[in-house]
Amino acid sequence: MSDIETLRTFDDSLLSARNLATGYGELQVLFDVTVDVRADEVVLVFGPNGAGKSTLMRALIGQLPVWDGSVAVRGHDVSEVPADEMVSNGVGYVPQTENVFPNLTVSENLDIGAIHAADPASRRREIFDLFPRLDERRSQLASTLSGGERQMLAMARALMPNPDVLLIDEPSAGLAPQLVERTFEHVAAVRQTGTAVLMVEQNVTAALEVTDRGYVLDTGENRFEGDADEIRDSDRVRDLYLGRAAPDGG
């Protein structure tokens, strides 16, 4: 288990943030944060309330300006790329809330995601193979779906352009306990298709079942980084964070 003094970095990263600083207005939330996601990895970010987890996601996707440091995809600096152009740089994003269009059908939601797809018809078939339940619900309005199905649709829509890496903010938030495991099975399935995943998640124990590596953020700084087994086996992380990790909204 590494602390901030010996934080590992990876030269073969698909997505990397280096010494990232950002915030809102004059309020700095992230301080010198470094995160790597390599190809085909599932990487978890967790920490206590107010740690800056969602802020990190917004900075990575271009919704917040990078005050200092950098964000790169496949070695290409995207620190100043606006959010609406990140898809063309290979990055998809599933926000925690308002992540589907409720008054559109499942198919229509996928159509919106397909705007940047190279072969929409072929990609739609791949998505329905990945999420058969959505195929069954293709004509239903998203507002009529269950919470788990909506989360599935949000992932599917973000996957339509076949991104290199998918950022997911709190995939299990608001779901019934019996649906949480299924949600993480979907995350694992996404990785199996060749898309790497970076997720913020409050249900750390369940998320670690499909995670390769993880980062702990606290008060906007890296506190720990390690493989899933290292995080799970660390008395310090368990005592300090696993009992209090919760949605932070910021």
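Every number in this text was worked out from the coordinates using simple rules, so none of it is lab data. If you're wondering where the values come from, they're calculated on a predicted model, not measured in any experiment. For neighbour counting, all protein chains shown are included, and Cβ atoms are generated from backbone atoms with ideal geometry for every residue, glycine included.
Its DSSP H runs of at least 4 residues, each contributing -39,500 (n - 2.57), put the calculated 222 nm mean residue ellipticity of the chain at -8000 deg cm²/dmol, to the nearest 500. Neighbours of Val33, meaning other residues whose beta-carbon lies under 13 angstrom from its beta-carbon, give a summed charge of -2 when Lys and Arg score +1 and Asp and Glu score -1.
Full extension of the chain segment joining Leu104 with Asp68 gains 9.0 nm, where the gain is 0.36 nm per residue of separation less the Cα-Cα distance.
With contacts taken as Cα pairs under 8 Å at a separation of at least 6 residues, the chain carries a relative contact order of 31 percent. Summarising the strand pairing of the chain, around 60 percent of its internal DSSP beta bridges are antiparallel. The order of Arg157, Arg238, going from fewest to most other C-beta atoms within 10 Å of their C-beta, is Arg238, Arg157. Counting only alpha carbon atoms, the long axis of helix 147-159 and the longest principal axis of the chain meet at about 90°. For Ala176, the shell of other residues with beta-carbons less than 14 Å away shows a net charge of 0, using +1 for Lys and Arg and -1 for Asp and Glu. Counting beta carbons within 10 Å around each of Glu26, Glu80, Glu201, Glu181 and listing the fewest first gives the order Glu26, Glu80, Glu181, Glu201.
In whole Å, how far is the Cα centre of the stretch 146-161 from that of the stretch 114-136? Between the Cα centres of the stretch 146-161 and the stretch 114-136 lies a distance of 11 Å.
Summarising the amide proton neighbourhood of Thr34: residues at separation of 5 or more, or on other chains, whose placed amide H is nearer than 5 Å comprise Asn19, Leu20, Asn222.
Taking 0.36 nm per residue of sequence separation and removing the Cα-Cα distance, the Gln28/Arg238 pair yields an extension gain of 72.9 nm. Positive end of the dipole of the stretch 96-250 (Cβ unit charges, origin at the Cα centre): among Gln140, Pro161, Ala176, the Cα lying farthest that way belongs to Gln140. Over the Cα atoms of the stretch 117-250, the radius of gyration divided by the Kirkwood radius equals 1.00; this is the Rg/Rh ratio. Counting only alpha carbon atoms, the long axis of helix 120-130 and the longest principal axis of the chain meet at about 70°. In plain terms, the bigger the Kirkwood radius, the slower the diffusion; for the stretch 21-60, with that radius from Cα pairs, at 25 °C and 0.890 mPa s, Stokes-Einstein puts D at 217 µm²/s.
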